[in-house]
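Just so you know, all these numbers are worked out from the coordinates, no wet-lab data involved. All figures in this text were calculated on a predicted structure; none of them were measured in a lab. No Cβ is skipped: glycine too gets one built from the backbone with ideal geometry, and neighbour counts run over all protein chains shown.
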Amino acid sequence: MAKKEEVKESKDTKETVKDAHKKEAPKKEAPKKEVPQEAKKEKKEDKKHEGKGEEHAKKERKGAPKEGKKEAPKAKEEGPEIRHIVRVADTDLEGRRSVQYALTGIKGISRRVAKIISINSGLDPIATIGYLNDADIEKLKSSVDNISTVLPTWMMNQQNNILTGEDRQLLGMDVLLSKNEDINLMKKARSYKGLRHDRGLRVRGQRTRSTGRRGKTVGVTRAAIQASQSAAKEGEKKVEKKVEKKEEKKAGVK
């Protein structure tokens, strides 16, 4: 009986071992089909684009406008454009400056004269000249052209002309031309002022010792100083010798 039981136990153990081996044995997988490389690349690109699309969508959601209609921004009211250059009396004036200071760009017009001209033409002297319209600029031009009738005689820059005897206010290049004519007339007349102009010296009584020096008189060199000092010493020695000779002669006569 004992032997039969042992044989049964051995059969049972063998059956249990076989079942365990069957469970542990790996299942044979079916062979996978090889995917071409191009298909792999397309899948990777699709994944990248899918991620980016989500990010863009998120950003749009964050910055999306709130619900409700927004009013359109109002257009800014633009004023008249400024003229950067205004031409009056054959000269270019700065458009950013005021009328009374812009007119001083014309040679022969000072600040006082410019203020008188602007008031005579019916304009504000403080107004910016670049914002004036065409009609106002024409008024300015006409008042500048007829400046001799606007100003009093004592304010004009050429009074009692030598040839005509008229009082005029000269502008632009006429100022320089009339100045040169007056200087040439003085030179021809050989007056004191004309001679001073001709020699290139100061005309109105200024000093000439310390200022207005030109040419060889400018500066003093050390060599010249030493030469003058040596000459002075030689002259003193000569004088001393002469004095000594005279004294000797006097002593010999006695």
| How big, on average over all directions, is the shadow cast by the Cα convex hull of the range 169-234, in nm²? | 7.4 nm²
| note | Karplus ³J(HN,Hα) for the range 173-180 (6.51 cos²θ - 1.76 cosθ + 1.60, θ = phi - 60°; Hz, whole; x = Gly/Pro) runs 6, 4, 5, 5, 5, 5, 5, 5
| field | Lys107 long-range amide H proximity, modeled H, under 5 Å | value | Gly172
| message | Below 12 angstrom from the Cβ of Ser230, what's the summed charge of the other residues (Lys, Arg +1; Asp, Glu -1)? | response | 0
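Would you list Arg83, Arg209 from fewest to most Cβ contacts within 10 Å? Numbers along the way, then the final one.
Working: Arg83 17, Arg209 7.
Listing Arg83, Arg209 from fewest to most nearby Cβ atoms yields Arg209, Arg83.
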| Just in the range 123-199: which GluC sites (Glu not before Pro) are loop by DSSP and have at most 12 other Cβ atoms within 10 Å? | Glu166
| message | Quick check on the exposure proxy: order Asp182, Asp124 from fewest to most C-beta atoms within 10 angstrom. | response | Asp124, Asp182
| Among Thr104, Thr164, which comes first, second and so on when ranked by fewest other beta-carbon atoms within 10 Å? | Thr164, Thr104
| remark: Here the net charge surrounding Ile147, from other residues whose Cβ is less than 12 Å away from its Cβ (Lys, Arg +1; Asp, Glu -1), is -1
| At q = 0.14, 0.18, 0.26 Å⁻¹, what base-10 log of I(q)/I(0) does the Debye formula yield for the range 85-152 when every alpha carbon is treated as an equal point scatterer in vacuo? | -0.32, -0.54, -1.26
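What does the net charge come to around Ile119 if you take all other residues with beta carbon closer than 12 Å to its beta carbon, with K and R at +1 and D and E at -1?
+2
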